[in-house]
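> Before I ask anything, let me first share the structure, which is written out below as structure tokens.
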Amino acid sequence: MISRIFQYAVANIFRNTFLSFSSILVLTLLMFFINTLIVLNGVSNDVIKGINNKLSFSLYLNDQYDQNSIEYSDLKDDINEAFPEISVVYKDKAQVLEELREKDPELVRILEKTNPLPETISLSNIDLKQYS
């Protein structure tokens, strides 16, 4: 029984060679494009996560505010309540200058006499869905 079905299938393939070839071609192209889309989806998600890890916002504080001020603690509490997954980091003038030294040592030589950089609140780990 199975041999008769196999013989009929082979005879049908040879009888309709164009139809068989076009069917195989369409299925092959369909599998290729579906696999390509799956790979592109995975790669794009990895690229977006990598970029998201590097994005951060810096809020510069006036000289009258520091880490101990009530306004800073209220702002930090409000951000943590609204977006618990966002990390809020306070950086004083020395830390900001040290980060700038790592990025551009030539510029820091000019600024070493006086540090004009403000104290900063850095917001990072913001999910891309939270951007309006």
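The values are calculated or read from the model by the stated rules, or taken from the named source; none is laboratory data. Everything quoted here is computed from the prediction, not taken from an experiment. Glycine gets a Cβ as well: all are built from the backbone with ideal geometry, and neighbour counts include every protein chain shown.
> Within segment 71-87, how many residues turn out to be farther than 13 Å from N125 by Cα and among the small types (G, A, S)?
2
> Here is a follow-up. List pairs: first in segment 109-123 and of a type in the set (D, E), second part of a loop (DSSP other than H, G, I, E, B) and modelled with pLDDT of 85 or more, Cβ under 6 Å, 6+ apart or cross-chain?
Close Cβ pairs (under 6 Å, with a partner that is part of a loop (DSSP other than H, G, I, E, B) and modelled with pLDDT of 85 or more) amount to E119/L61; E119/D92.
> Which ones in segment 94-119 are farther than 18 Å from D66 by Cβ, among the β-branched types (V, I, T) and surrounded by 15 or more Cβ atoms within 10 Å (Cβ to Cβ)?
If the condition is that a residue be farther than 18 Å from D66 by Cβ, among the β-branched types (V, I, T) and surrounded by 15 or more Cβ atoms within 10 Å (Cβ to Cβ), then V108 is the only one that fits.
> Can you say whether I79 is surrounded by 13 or more Cβ atoms within 10 Å (Cβ to Cβ) and either β-branched (V, I, T) or free of Cβ contacts under 8 Å to residues at least 40 places away in the same chain (or both), as far as the supplied structure shows?
When the stated conditions are applied, I79 passes them.
> For the list (1) in contact (Cβ under 8 Å) with a residue 40 or more places away in the chain; (2) of a type in the set (K, R); (3) surrounded by fewer than 10 Cβ atoms within 10 Å (Cβ to Cβ), I need the number of the one condition that K54 fails.
Among (1) in contact (Cβ under 8 Å) with a residue 40 or more places away in the chain; (2) of a type in the set (K, R); (3) surrounded by fewer than 10 Cβ atoms within 10 Å (Cβ to Cβ), K54 violates only (1).
> Quick check on this structure: which one of V89, V108, V96 is in a helix (DSSP H, G or I) and in contact with a Ser or Thr (Cβ under 6 Å, 6 or more places away or on another chain)?
V96
> Follow-up. As an exercise: evaluate N68 against (1) touching a residue at least 12 places away in the same chain (Cβ under 8 Å); (2) loosely packed, with under 10 Cβ neighbours inside 10 Å and give the number of the one condition it does not meet.
Going through the list (1) touching a residue at least 12 places away in the same chain (Cβ under 8 Å); (2) loosely packed, with under 10 Cβ neighbours inside 10 Å, N68 breaks only (1).
Residue by residue, here is whether (1) under 30 Å from V96 (Cα atoms); (2) assigned to a helix (DSSP H, G or I); (3) polar (S, T, N, Q) holds:
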| residue | (1), (2), (3) |
| --- | --- |
| A9 | no, yes, no |
| S20 | no, yes, yes |
| I24 | no, yes, no |
| F33 | no, yes, no |
| V39 | no, yes, no |
| S44 | no, yes, yes |
| Y65 | yes, no, no |
| D74 | yes, yes, no |
| N80 | yes, yes, yes |
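> Continuing with this model, one more query. Can we say V96 is at pLDDT below 90, touching a Leu at 6+ places or on another chain (Cβ under 6 Å) and assigned by TED's automatic domain parsing to the domain that holds T120?
Working: at pLDDT below 90: yes; touching a Leu at 6+ places or on another chain (Cβ under 6 Å): yes; assigned by TED's automatic domain parsing to the domain that holds T120: yes.
Yes; evaluated as a whole, the condition is true for this residue.
> Is it true that some residue in segment 63-79 is among the hydrophobic types (A, V, I, L, M, F, W, C) and within 24 Å of the chain's Cα centre (by Cα)?
Yes, that holds for at least one residue.
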